[in-house]
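Enquirer: Supplied in structure tokens, the structure appears directly below.
The values are calculated or read from the model by the stated rules, or taken from the named source; none is laboratory data. In this text, all values refer to a predicted model and were calculated from it rather than measured experimentally. Quick reminder, even Gly has a Cβ in these numbers, built from the backbone with ideal geometry, and neighbours come from all protein chains shown. Please note that ligands, DNA and RNA were not included when accessible areas were found on the heavy atoms of the full protein model with its side chains. Shrake-Rupley method; radii C 1.70, N 1.55, O 1.52, S 1.80 Å.
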Amino acid sequence: MKLILLGPPGAGKGTQAKMLTDRFTIPQISTGDILRAAVKESTPMGIKAKTFMDGGALVPDEVVVGIVKERLQKDDCQRGFILDGFPRTVAQADALKSTLGGLGKELDAVVSLEVDTEALVERLTGRRTCKDCGRGYHVKFDPPRAGGICDACGGKLFQRDDDNEATIRKRLDVYGQQTMPLIAYYRNDGVLAEVDGMQPMDVVQQRIVSVLQAK
Ligand code: AP5
Ligand code: MG
């Protein structure tokens, strides 16, 4: 199963990718998570990426294309993968097509998660993440049992630096300008499936699984 989860910031790409990873035992490839790990470790790439990420802008195409090209060659991608947050520009989509072509692979589906703008802002301002295991929460829609502590591992929960309202609005603008054209791009390729991301998380998951089972 070779899948892209497409959608604006807060659409639920990460949430759904984690559920799909558990279900199908294929890796989630999140360029956002890979970049945040590089920022945390202060690698040269992380230091460069941080300015773009904090401003809500996209990291340059060549950086993310390089990350994904390398990641797709790993053994655990043999049975498939879920791309979460990549591609985000037409140039990235073209690069992905040529990388997959070189590996003799083709995408099975591109699922576009559709969520209203004001719901996205509410989801992102209320998002919390475990600093140890990475599990995601939402203060209202998926709260931890004990405030500020991860149910799964007891780690502390944190709020992402780019989850403040001003940066969220900028990220949403960037999505509209640079990423939304990919909906038409993949519709044209005959692989696009639009899923209503306003539904509860498990309903969205069921709908994605139905799309995949129809393939
Ligand atoms: P990235 O980390 O990819 O952020 P994003 O695209 O802005 O998306 P998010 O992770 O914010 O949202 P999500 O869709 O994963 O939502 P989630 O499941 O967490 O990228 C960050 C930055 O890195 C970019 O701005 C850019 O600078 C850089 N970058 C990354 N990739 C790049 C690329 N390819 N090219 C260039 N630059 C790149 O859900 C959000 C919240 O909602 C959670 O709290 C969750 O619990 C809740 N929730 C989820 N589903 C539901 C539901 N159905 N109902 C109610 N609540 C829900
Ligand atoms: Mg995410």
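Enquirer: What does the accessible area per residue of segment 140-211 come to in Å², with a 1.4 Å probe and no ligands, DNA or RNA counted?
Expert: Roughly 57 Å² per residue, with all protein chains present.
Enquirer: Could you derive backbone 3J(HN,Hα) for segment 176-189 from the dihedral phi with the Karplus parameters 6.51, -1.76 and 1.60 (θ = phi - 60°), listing whole Hz in sequence and x where the residue is Gly or Pro?
Expert: Working through the residues one at a time gives x, 7, 9, 9, 4, x, 6, 5, 5, 4, 7, 5, 4, 7 Hz.
Enquirer: Across 10 Å bins from 0, what is the distribution of all Cα-Cα pair distances for segment 134-178, in whole percents?
Expert: Per 10 Å bin, starting at 0, the Cα pair percentages come out as 24, 39, 27, 10.
Enquirer: Grab the beta carbon distance between Cys133 and Met1, set R0 = 22 Å, and tell me the FRET efficiency rounded to 0.05.
Expert: 0.35
Enquirer: Which of the trypsin sites (Lys or Arg not before Pro) found in segment 104-140 are loop residues per DSSP with 11 or fewer other Cβ atoms within 10 Å of their Cβ?
Expert: Loop-located and lightly packed - Lys140.
Enquirer: Let me ask another. When the Karplus curve 6.51 cos²θ - 1.76 cosθ + 1.60 is applied with θ = phi - 60°, which whole-Hz ³J(HN,Hα) does each residue of segment 122-138 get, with x for Gly and Pro?
Expert: 5, 5, 6, 5, x, 6, 9, 9, 6, 6, 8, 9, x, 4, x, 9, 9
Enquirer: About the Cα centre of the chain, what is the dipole size in debye to 20, counting +1 per Lys and Arg Cβ and -1 per Asp and Glu Cβ, all else neutral?
Expert: 400
Enquirer: Based on Cα positions only, what radius of gyration and what Dmax would you give for segment 117-215, in angstroms?
Expert: 16.3, 47
Enquirer: Another question, then. Is the chain rounded, prolate or oblate when judged by the Cα gyration tensor, a ≥ b ≥ c being the square roots of its eigenvalues, rounded requiring a/c under 1.5 and prolate requiring a/b larger than b/c?
Expert: rounded
Enquirer: Label points 7 Å out from Cα along the Cβ direction at Arg79 and Gln213: separation in nm?
Expert: Label at Arg79, label at Gln213, 1.9 nm between them.
Enquirer: Report, to the nearest whole %, how much of the accessible area of segment 48-188 belongs to carbon and sulfur atoms, 1.4 Å probe, protein only.
Expert: Accessible surface attributable to carbon and sulfur in segment 48-188 totals 51 percent.
Enquirer: Under 5 Å between amide H atoms, partner at least 5 residues away or on a different chain: which partners does Arg88 have, H built in plane at 1.01 Å?
Expert: Ala93
Enquirer: Right, another one. Within the chain, what is the longest stretch that has no GluC sites (Glu not before Pro) placed in a DSSP loop and near at most 11 other beta-carbon atoms within 10 Å?
Expert: 107-215
Enquirer: Another one. Collect residues whose amide H, placed 1.01 Å from N in the peptide plane, falls under 5 Å from the amide H of Ile29; neighbours closer than 5 in sequence don't count.
Expert: Amide H to amide H, under 5 Å and 5 or more residues apart or across chains, Ile29 pairs with Ile82, Leu83, Asp84.
Enquirer: List the trypsin sites (Lys or Arg not before Pro) in segment 44-95 that DSSP assigns to loop (not H, G, I, E or B) and whose Cβ has at most 13 other Cβ atoms within 10 Å. Which are they?
Expert: Taking segment 44-95 and a limit of 13 other Cβ atoms within 10 Å, the loop trypsin sites (Lys or Arg not before Pro) found are Lys74, Arg79.
Enquirer: Compare the Cα positions of Val211, Ser42, Ile183 along the charge dipole of the chain (+1 at Cβ of Lys, Arg; -1 at Cβ of Asp, Glu; about the Cα centre) and return the one farthest towards the positive end.
Expert: Ser42
Enquirer: Ratio of alpha-carbon Rg to the 2.2 N^0.38 Å globular estimate for segment 1-85, to two decimals, please.
Expert: Computed over Cα atoms of segment 1-85, the ratio equals 1.10.
Enquirer: Let me ask something additional. Taking 26 Å as the cut-off for C-alpha to C-alpha distance, list the pairs among Lys13/Lys97; Lys13/Lys69; Lys40/Lys97; Lys105/Lys215; Lys50/Lys140; Lys2/Lys170 that go past it.
Expert: Lys40/Lys97; Lys50/Lys140; Lys2/Lys170
Enquirer: Tell me the net charge near Thr89. Cut-off is 12 Å between Cβ atoms, Thr89 excluded, with +1 for each Lys or Arg and -1 for each Asp or Glu.
Expert: Every neighbour counted, the sum reads -2.
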